[in-house]
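Working notes for the structure below.
The values are calculated or read from the model by the stated rules, or taken from the named source; none is laboratory data. This one's a predicted model, so the numbers in the text were calculated from it and none came from an experiment. Quick reminder, even Gly has a Cβ in these numbers, built from the backbone with ideal geometry, and neighbours come from all protein chains shown.
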Amino acid sequence: MEYIVLYVIHDPNFPFNSNRYFDASFGPYLSCHGFPLQPHYTQEHYALINSVLPMRDGRHILASMRSVSAVVIIERSTGKFVWKLDNSILAQQHCATEMENWNMLIFDNGAFRKGIPTMFTRAIEVDRLIVPIMKLLSALLTATVVAFAGRTAAQIGPLGENGRPTNYTAYNFTQRIDHFQNSPRYAPNTNATFTQRYWFDNTYYKPGGPVFLYIGGEVSGESRFSNLETGIIQILANATNGLGVILENRYYGESWPFENSSTDNLRFLTTEQTIADNAYFAQHAKFPNVTGGDNLTAPGTPWILYGGSLAGAQTAFSLVQYSGLLWGGIAASGVIHAVHGYPEWYNPIQKNGPQDCITRINKIIDKVDYLIKTKNTGAIQQLKGIFGLGSLTSLGDFAMTIAFPLGGPMNYPTNTWQELNWYPAYDAPDFFAFCNSVTDLNAPANITAVDLQLANYTHGSPWTGLGAYANYVKEVIVSTCPSEDLIDTTECFSTQNQTYYADITNSGDRSYLYSTCTEQGAYQLPQPYGTPSLLSRVIDLNYTQQWCSWAFPEGPLSPQAVPSLNGPNLTWYNKYGDFNLSAPRLALIDGGSDVWRDVCYHGHNASTRYGEHQFLITGGGHHWDSYGILNISAEPDFIRAAHQWELRQVLTWLDEWDHKHGTWKRDEL
């Protein structure tokens, strides 16, 4: 069984009159290695569901899987498995129920808990915010039951806890479309406005406290709620009696200046317009039902910004441009450096991934590129067929698709290295499932036999790991294609469709592509011949640039809005200081193993800087500091150190504010 499918039944006697309203695929989220089938079940029982319950937040499903000893939480809107318990905790027969305190009560009965060979019966209460708590109700057929402790099982957001909001009200702010009405870059200029959404949490706020503004970045504002609930904004607001706020970026979520995203209408999607939004919002925002909420504007109130990734760069740029207005900011994994091509994206994977896996992929890619370089069309077609991608005509599309488990250029249909996280609620260890497959010493003979199928094209040298690599792509990547004919995967994996790219319907993907094409760049590229590469060298700058040309043709109003055929104008982005940017009370924090590190402040091409304003999380990933668990002392050491550093920075800034303004003191709150 590969899918959960739920129906709304209108006729209680017969299911024909029903509406399918939810489905989720197991394949991308349950590894056969991490969630093995119990020995007394046959394969058709993978994975047997014995209970499915809607959760109280209305956005998630709680499911028990008897045959693989698992309890999972599934996001309704995407089908993604966002939280899991496996057989290191669970035995077999279990039914999970959500409790009033947001914990889960799980009946657990059987003999298949990993490392516990005897049968027992018990009930456990699991706190997914911090740690599971076992409460023994009864023990059968065994004299002892081994308790577990210290395993981090985490919250999915937004759920809320201890009476805090489980959702937030969206408020509308009247924002200027054009902050630079004399600039020819935006001609024809306009004095029109649009509705920009924002949310806030005043749980910890007391009069005199600061405002913490979380910059929404390249996603909808709702996806940032967890930062108000348990993440960095909650941590800072709790420590300072602050007000936590999320501002949705222009051209994302529901904050659209126009009804469509034609090239002309996208001319106002620029870095300088976006950071001007932050400043204008800080000067005019109102917070209903908050004491003094009509008078918490900057510069009369200390506004401290936080952003991660693109929003991290926008935070830094906002502090550079509007330092007299905004009091401080933390830029996490802020991509502050624009560059046309970015082969360094794959460097952390090369360096830190399991080296037997990485070496196999490098050698396979070298052989792929040898076939392409020697124009062996027959062998190339055979290779595409092995991956289940025989219908793709573009070699670039083929190269991108087989790179999806690592991270394909501009496309991430499955979780990659970037989605690894210290916090189990948000961790997506698909990358390691992929590597485990590629290096499986017990792979069946029909899989390993594939390693020799192309050896005659490479002087007898076997393609070690090819069968497992291709099998993973077919099972996890190709299987996501909704086409009924999986033999023809063009519909899902071909980018050679100008009509698709020319669709001007408002979407976050289109907005992000426009920014990439006009200002940001960082087109993901392979390493040159002679250097190990995880991405085929058939990918070049032109492969990504063609999407820019197809998506954003010239319109009747603003020819200057069309992306250059030569690539993005990097000066528009780098003018805020590039690697050397600085501003008063600007803190910069990055992850040492982040794929975006080399366009961040701590990039290897940046000069070494010293000072208390910067922090590198050794081994950390993409803005890992933005996540939290309500209890800093229970966090892993490296995350706790980062959060404590951020708290010290903010408290120092607020002390500086107090001294400058001669107002209340922090310890009086």
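Scan (1) surrounded by fewer than 22 Cβ atoms within 10 Å (Cβ to Cβ); (2) at pLDDT 95 or above for the single condition L630 breaks and write down its number. Against the list (1) surrounded by fewer than 22 Cβ atoms within 10 Å (Cβ to Cβ); (2) at pLDDT 95 or above, L630 comes up short only on (2). Comparison of S333, S255 shows that the only residue that is polar (S, T, N, Q) and more than 24 Å from K575 (Cα to Cα) is S255.
Any residue at all in the range 438-461 that's surrounded by 21 or more Cβ atoms within 10 Å (Cβ to Cβ), within 26 Å of the chain's Cα centre (by Cα) and assigned by TED's automatic domain parsing to the domain that holds I539? Yes.
Restricting attention to the range 381-397, the residues that are within 11 Å of S536 (Cβ to Cβ) and either part of a loop (DSSP other than H, G, I, E, B) or free of Cβ contacts under 8 Å to residues at least 24 places away in the same chain (or both) add up to 0. All of S536, S507, S558 fail the test of being in contact with a helix residue (DSSP H, G or I) (Cβ under 7 Å, 6 or more places away or on another chain) and either within 23 Å of R250 (Cβ to Cβ) or among the acidic types (D, E) (or both), apart from S558. Any residue that is surrounded by 15 or more Cβ atoms within 10 Å (Cβ to Cβ), in contact with a Gly (Cβ under 8 Å, 6 or more places away or on another chain) and touching a residue at least 24 places away in the same chain (Cβ under 8 Å) - is there at least one of those in the range 482-491? Yes. In the set P568, P556, P563, only one residue is over 17 Å from L269 (Cβ atoms) and not charged (D, E, K, R); that residue is P556.
Being modelled with pLDDT of 95 or more and in a loop (DSSP other than H, G, I, E, B) is a description that applies to K375.
In the range 599-631, the residue that is farthest from N347 (Cα to Cα) out of those that are polar (S, T, N, Q) and part of a loop (DSSP other than H, G, I, E, B) is N631.
Given the conditions (1) in contact with a Pro (Cβ under 9 Å, 6 or more places away or on another chain); (2) surrounded by 15 or more Cβ atoms within 10 Å (Cβ to Cβ); (3) over 30 Å from K351 (Cα atoms); (4) not basic (K, R), which single one is not true for W550? All conditions are met except number (1). Among the residues making up the range 431-451, those that are in a helix (DSSP H, G or I) and either in contact (Cβ under 8 Å) with a residue 40 or more places away in the chain or of a type outside the set (S, T, N, Q) (or both) are F431, F432, A433, F434, C435, N436, V438, A445, I447, A449, V450, D451.
Looking at the structure I just gave you, is G300 within 27 Å of Y204 (Cβ to Cβ), free of Cβ contacts under 8 Å to residues at least 12 places away in the same chain and assigned to a loop (DSSP other than H, G, I, E, B)? Here the answer is yes, as G300 does meet what is asked.
Restricting attention to the range 575-615, the residues that are more than 20 Å from the chain's Cα centre (by Cα), surrounded by fewer than 20 Cβ atoms within 10 Å (Cβ to Cβ) and not hydroxyl-bearing (S, T, Y) total 15. Screening the candidates T464, T495, T516 for the property of being in contact with a helix residue (DSSP H, G or I) (Cβ under 9 Å, 6 or more places away or on another chain), closer than 28 Å to G217 by Cα and at pLDDT 95 or above yields one hit, T516.
For the range 264-295, the tally of residues that are buried (at least 19 other Cβ atoms within 10 Å of the Cβ) and not in a helix (DSSP H, G or I) stands at 5. If you go through the range 599-624 and keep only what is under 17 Å from L651 (Cα atoms) and either modelled with pLDDT of 95 or more or not assigned by TED's automatic domain parsing to the domain that holds G312 (or both), you end up with H613, Q614, F615.
Filtered by the rule that a residue be within 23 Å of R648 (Cβ to Cβ) and either out of contact with any strand residue (DSSP E or B) (no Cβ under 9 Å at 6 or more places or on another chain) or part of a loop (DSSP other than H, G, I, E, B) (or both), the range 564-598 gives L581, S582, A583, P584, R585, G592, D594. Of all residue pairs spaced 6 or more apart or on separate chains, those with beta-carbon atoms under 9 Å, a first member in the range 643-654 that is β-branched (V, I, T) and a second member that is surrounded by fewer than 18 Cβ atoms within 10 Å (Cβ to Cβ) and assigned to a helix (DSSP H, G or I) are V650/A239. Candidates in the range 167-189 are the residues that are among the β-branched types (V, I, T) and exposed (fewer than 14 other Cβ atoms within 10 Å of the Cβ); of these, the one that is modelled with the lowest pLDDT is T169.
Of the numbered criteria (1) buried (at least 18 other Cβ atoms within 10 Å of the Cβ); (2) without any contact (Cβ under 8 Å) to a residue 60 or more places away in the chain, the one S536 fails is (2). Residue pairs whose Cβ atoms lie under 8 Å apart, separated by 6 or more positions or on different chains, with the first residue in the range 559-586 and over 20 Å from W547 (Cα atoms) and the second surrounded by fewer than 15 Cβ atoms within 10 Å (Cβ to Cβ), are F579/N605; F579/S607; N580/S607. For the range 244-263, check the following and say yes or no: at least one residue is small (G, A, S), in contact with a Pro (Cβ under 8 Å, 6 or more places away or on another chain), surrounded by fewer than 23 Cβ atoms within 10 Å (Cβ to Cβ) and outside the structural domain of L513 (by TED's automatic domain parsing). Scanning the range 244-263, I find no residue that is small (G, A, S), in contact with a Pro (Cβ under 8 Å, 6 or more places away or on another chain), surrounded by fewer than 23 Cβ atoms within 10 Å (Cβ to Cβ) and outside the structural domain of L513 (by TED's automatic domain parsing), so the answer is no.
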